[in-house]
Amino acid sequence: MDFKNIIKPTKKKLILFVGLFFIGAFLFSSVKKDGPVQKSPVPANIELVKKHLTALTQTPQFRNHNNVDQLNAVADYIHQTFTTYSDSTMFQEYKVDGKVYKNVISSFGTENKKRIIIGAHYDVCGDQQGADDNATGVTALLEVARMLKGQKLNYRVDLVAYTLEEPPYFRTENMGSYIHAKYLKDNNIDVYGMASVEMIGYFKDEKGSQDFPMGILSWIYGNKGDFITMVKKLSGAGPFVGDFIDHFKDSNQIKTETFPAPKFIGGVDYSDHLNYWKFDFPALMITDTSFFRNKNYHQSTDTLETLDIERMTKVIDAIFLSIIHLK
C-alpha cells in the first residue's frame, strides 16, 4: 500500500467533510455491537497463521518488483496452499517490461454465478519483510481458503493474491488488482462486491497510539489503536459493502469501526480496492489503518515480532463469518 502522497483537502472541503462525517459517523459507524461472540464452524488456526506469516516474510530475497524470481516463489507457495483446499486454483499472468508477474486466484462455490472477491497483495515496498504490509492480508486469504473448504456458499468466492500493488506501480495499470478487475469488467462477470484485506496485524492499547488524517476524528474513534477499520465510500457503496460490514460487526470477534469518507481524504483509496472502484464494482478495505497507527510502515522494522497475531486471527474469523453469512 502506498501512502506517501496524502492528498491535503482544501479548507472548504474540510468543513464540508466534517459536517457530513459527524452525521455519517453516528448513522453508519460503530464499534462492535452488543451480543454474543459468534462461534465459527471452522475457526482460524493461530499456528497456521504463524506458519504462513513466517513463510511469506522469511525469504532469501525481499518480495519486491525487482526480485521477480522471489515474487514467483511466493506466488508458488500461495498457489500450493490454495490448491490444498480448492479444486480451482490458477495463475493470472501478465508482462511488465518483459517480465512475467502473477496473480494467484482460488475459487470456491463455483456452482454460483454471482461472485465476491476477497483480495490482498503479496509484494512489498523496497527491501523489507513487509510483515503487516501485507503478509497479514495474504495470510488471511490462505487461512480463509482452509476455512472455506466444504462450506455451502451463496456466492462464488474468489480469493485473489495480487502482485505489484506497491511503488513504482501503485496507481498504474500494472497493478495486479487492475489486471484482475479489468478482466472481470471485460468479460461481464457478475460481481457482488470486493473486499481488500490490507494490513490487519498491528494493534496498540496505549493512549495516543492511533492517528488520523484529521485530528478531529479522534473525537469519534478515540486515540487507541485497538480496532479494525472498514473503509468505504461515503455514499453509493452498494449493498455488498453494507451487508459485509454488518456481518463482520455482528460476528463480535473484534472491535470494529466503519470509516465512510470521500476519496479526497488521505488513505481512503490506497489499496487494491481502488481498481474495483475504477470499474464500478462495490468494494471496501479492511485495515488496521496502516501508517496512521503502525510506524513501521514501509520500514525495515515491519517484522513479525511487531504483530498482534491473536487479534489478527480474530479478524480472519470475522472475514470468514462475513463470507458464509452473505445472502
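The values are calculated or read from the model by the stated rules, or taken from the named source; none is laboratory data. Every value quoted in this text rests on a predicted model; they were computed, and no experiment measured them. Backbone-built Cβ (ideal geometry, glycine too); neighbour counts: all protein chains shown. Heads up: the accessible areas ignore ligands, DNA and RNA and are worked out on the full protein's heavy atoms, side chains in. Shrake-Rupley method; radii C 1.70, N 1.55, O 1.52, S 1.80 Å.
Scanning the stretch 190-207 for residues that are of a type in the set (A, V, I, L, M) and part of a strand (DSSP E or B) yields a count of 4.
Check whether at least one residue in the stretch 43-51 is open to solvent by less than 40 Å² (accessible area, probe 1.4 Å) and either more than 30 Å from Asn154 (Cα to Cα) or at pLDDT 95 or above (or both), and report yes or no.
Filtering the stretch 43-51 down to residues open to solvent by less than 40 Å² (accessible area, probe 1.4 Å) leaves 44, 49.
If we keep only those that are either more than 30 Å from Asn154 (Cα to Cα) or at pLDDT 95 or above (or both) as well, we get 44, 49.
Within the stretch 43-51, one or more residues are open to solvent by less than 40 Å² (accessible area, probe 1.4 Å) and either more than 30 Å from Asn154 (Cα to Cα) or at pLDDT 95 or above (or both).
Evaluate the following for Ser271: is it in contact (Cβ under 8 Å) with a residue 60 or more places away in the chain, surrounded by fewer than 19 Cβ atoms within 10 Å (Cβ to Cβ), within 22 Å of His121 (Cα to Cα) and of a type outside the set (Lys, Arg)? Spelling it out, it is not the case that Ser271 is in contact (Cβ under 8 Å) with a residue 60 or more places away in the chain, surrounded by fewer than 19 Cβ atoms within 10 Å (Cβ to Cβ), within 22 Å of His121 (Cα to Cα) and of a type outside the set (Lys, Arg). The residue that is surrounded by the fewest Cβ atoms within 10 Å (Cβ to Cβ), counting only those in the stretch 201-231 that are touching a residue at least 60 places away in the same chain (Cβ under 8 Å) and touching a Pro at 6+ places or on another chain (Cβ under 9 Å), is Met214.
Every residue in the stretch 107-154 that is under 19 Å from the mean Cα position of the chain (by Cα) and closer than 16 Å to Ile189 by Cβ, please. First the steps, then the outcome.
Keep residues of the stretch 107-154 that are under 19 Å from the mean Cα position of the chain (by Cα), which gives 107-108, 115-125, 129-148.
Matches in the stretch 107-154: Ser107, Phe108, Arg115, Ile116, Ile117, Ile118, Gly119.
Could you check the stretch 58-76 and list, in sequence order, the residues that are assigned to a helix (DSSP H, G or I) and within 15 Å of Ala120 (Cα to Cα)? Working first, answer last.
At the first step, the residues of the stretch 58-76 found to be assigned to a helix (DSSP H, G or I) are 68-76.
Within the stretch 58-76, Leu71, Val74, Ala75 qualify.
Per this entry, Val241 is counted among residues that are open to solvent by less than 10 Å² (accessible area, probe 1.4 Å) and touching a Lys or Arg at 6+ places or on another chain (Cβ under 6 Å). Of all residues in the stretch 108-136, those satisfying the criterion of being open to solvent by less than 10 Å² (accessible area, probe 1.4 Å) and part of a strand (DSSP E or B) are Ile116, Ile117, Ile118, Gly119, Ala120, His121. Kindly indicate whether Lys39 is in a loop (DSSP other than H, G, I, E, B), more than 24 Å from Phe240 (Cβ to Cβ), open to solvent by 10 Å² or more (accessible area, probe 1.4 Å) and out of contact with any Ser or Thr (no Cβ under 8 Å at 6 or more places or on another chain). Criteria met by Lys39. Counting just the residues of the stretch 79-100 that are touching a helix residue (DSSP H, G or I) at 6+ places or on another chain (Cβ under 7 Å) and not in a helix (DSSP H, G or I), which one comes out surrounded by the fewest Cβ atoms within 10 Å (Cβ to Cβ)? Once the filter is applied, the top-ranked residue is Lys99.
Screening Ala140 against (1) open to solvent by 30 Å² or more (accessible area, probe 1.4 Å); (2) closer than 28 Å to Val100 by Cα leaves a single unmet condition, (1).
Here Tyr183 clears all of (1) assigned to a loop (DSSP other than H, G, I, E, B); (2) over 19 Å from the mean Cα position of the chain (by Cα); (3) modelled with pLDDT of 95 or more except the condition numbered (1).
Restricting attention to the stretch 81-96, which residues are within 22 Å of Arg156 (Cβ to Cβ) and modelled with pLDDT of 95 or more? Lay out the reasoning, then the answer.
Taking the stretch 81-96 and keeping what is within 22 Å of Arg156 (Cβ to Cβ), we get 81-93.
Result: Thr81, Phe82, Thr83, Thr84, Tyr85, Ser86, Ser88, Thr89, Met90, Phe91, Gln92, Glu93.
Could you tell me which numbered condition Ile319 fails, if it satisfies all but one of (1) farther than 14 Å from Ala135 by Cβ; (2) among the aliphatic types (A, V, I, L, M); (3) open to solvent by 10 Å² or more (accessible area, probe 1.4 Å)? Only one criterion is unmet by Ile319, namely (3).
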